[in-house]
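Structure first, commentary second.
The values are calculated or read from the model by the stated rules, or taken from the named source; none is laboratory data. Just so it is clear, the structure is predicted and the values come from calculations on it, not from any experiment. All Cβ positions, even for glycine, are placed from backbone atoms using ideal geometry, and neighbour counts span all protein chains on display. When the accessible area is computed, the model is the full protein with side chains, heavy atoms only, and any ligands, DNA or RNA have been set aside. Shrake-Rupley method; radii C 1.70, N 1.55, O 1.52, S 1.80 Å.
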Amino acid sequence: MNQNQQNGRKSKELIVFTVLLLAAVFHYQVILGWLKSLLGMISPFLIGAGIAFILNVPMRFFESLLPNKEKFQKGKRPLSLCAAMCFVAAILTRVIFVVVPEVVSTFSAISMRIPAFFAQIQAWAEEIFAVYPNLSEEIAALEFDWNKIFDSAFSFLKLGAGTMLNSTVTAARSIISAFTTFGIAFIFAIYILIQKETLGRQLKKLIQAYLPKKKDRILQIAALTEETFSHFLTGQCVEAVILGTMFFVVLSLFRLPYALLIGVLIAFTALIPVFGAFLGCAVGIFLMLMVNPMDALWFTIIFLVLQQLEGNLIYPHVVGGSVNLPSIWVLVAVTLGGSLLGVLGMLVFIPLCSVCYALLKEHVNLRIQKQK
């Protein structure tokens, strides 16, 4: 009787699952709309969880520096949290004070070169007219319907004014929404960090209540995921600092312009795995072209050399070693993550693939042992 009841229950579950699957297939657009709305509602909390995870790395370091005496226990967490936030804020402030003056001076230099650029264009045009003297007469002979041109321009400006107003209102709403979302996310992150032990105990109770047989395995995977993501974050930051320092030192030795600005820029863009430094390279080439095309050529050669050194030696050992993922799978993870979720996917997929790689490796070894 019990076996029949179990079979009947499994049949009902299979029927319900099939009905839900068919409903999802035929109404996937509605479901995607619901998921998008749900993601919009919970996005501040997801961002807050990400901020908490990032701040947790330096916070644990500062907690390890404080003594474990009982009188320090109550103030240990708030002090460590404040120290972690001050540390991150100090880094961002330092970067801003380094980058902003360089950017201002760069644009000032570019604006000073604009008249010379237009003078070159004027000289080039004069040479063209000197070679082709009939060109000016042919241009003057062209007939234009100026009334039609003015009407078209007026209509364009009228339409553009309305579009600009709508764009301004939309941009203002987006900015206010972004600040509100970040504020909620930051407050949520602080609550998570202050009460992370309590939240951990509550999560363990939920797993124990609803998934008692799989509790140990779930906690093991969660611990592996947290450790892998923490190591990846630390390794990625270390690799970015190393690469930015290398560019600053080498560009300074070769006496190329904008060494500090390009070094900081490449360090920040290098936080995007594998492909991020190429963004900094494009900006560096553009800046040096404004000064001297030969400097841009030398910078390109230096970038290719340092990029090979970084890609073959530094990145696999610093980042790939920190997440225990071979270099080939790092490239696969970055490519898949970028194609699916853009920059966020590049950052998330490396540690995620590392977790899957470790679990698959463990499962394969276990099956081989059983076969033997």
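Tell me, what is the FRET efficiency for Asp216 and Glu13 to the nearest 0.05, using R0 = 22 angstrom and their Cβ-Cβ distance as r?
0.30
If you scale each eigenvalue of the Cα gyration tensor by 5 and take the root, what three semi-axes come out for segment 187-257, rounded to whole angstrom and sorted largest first?
44, 15, 6
With contacts defined as alpha carbon pairs under 8 Å and 6 or more residues apart, what's the relative contact order of segment 200-331 in percent? Present the calculation step by step, with values, prior to reporting the outcome.
On the way: 103 pairs, mean separation 31.7, N = 132.
The normalised contact order for segment 200-331 reaches 24 percent.
Mind checking the full-extension length gain between Ile96 and Thr181? Use 0.36 nm per residue of separation minus the Cα-Cα distance, one decimal, nm.
Details: separation 85, 0.36 × 85 = 30.60 nm, distance 2.29 nm.
Full extension from Ile96 to Thr181 adds 28.3 nm.
Say R0 is 56 Å: what FRET efficiency, to the nearest 0.05, do His363 and Leu279 get from their beta-carbon distance?
Computed FRET efficiency for His363 and Leu279 comes out at 0.90.
What accessible surface, in Å², does a 1.4 Å probe find on Leu289, ignoring ligands, DNA and RNA and rounding to the nearest 10?
My reading of the accessible area for Leu289 is about 90 Å².
Test of understanding: extend the Cα→C-beta vector of Cys86 to 7 Å, then name every residue of segment 44-59 with backbone N under 19 Å from that spot.
Within reach of a label on Cys86, which here means backbone N under 19 Å from a point 7 Å along Cα→Cβ, segment 44-59 contributes 55-59.
How big is the accessible area of Phe53 in square angstrom, nearest 10, if you roll a 1.4 angstrom probe over the protein chains?
60
At 1.4 Å probe size, put Met246, Met294 in order of accessible surface, largest to smallest.
Details: Met246 40, Met294 100 Å².
The ordering from most to least exposed comes out as Met294, Met246.
Subtracting the Cα-Cα distance from 0.36 nm times the residue separation, let me have the gained length for Phe286 to Leu20 in nm, one decimal. Don't jump to the answer; show the numbers that get you there.
Working: separation 266, 0.36 × 266 = 95.76 nm, distance 5.43 nm.
My answer for the length gained is 90.3 nm.
Please compute P(r) over all alpha-carbon pairs of segment 288-372, binned at 5 Å starting from zero, and give each bin as a whole-number percent.
Once binned at 5 Å, the Cα pair distances of segment 288-372 give 3, 13, 14, 15, 14, 12, 11, 7, 4, 2, 2, 1, 1, 0.
Calculate, for Tyr191 and Ala123, the FRET efficiency according to 1/(1 + (r/R0)^6) with r their C-beta to C-beta distance and R0 51 Å; round to the nearest 0.05.
Here the calculated transfer efficiency is 0.20.
How would segment 233-285 be classified by its alpha-carbon gyration tensor: rounded, prolate or oblate, with rounded meaning a/c under 1.5 and the a/b versus b/c comparison settling the rest?
oblate
Once you put a point 7 Å from the Cα of Arg201 and another 7 Å from the Cα of Val30, both along the Cβ direction, what distance in nm separates them?
Placing both labels 7 Å beyond Cα along the Cβ direction yields 4.4 nm.
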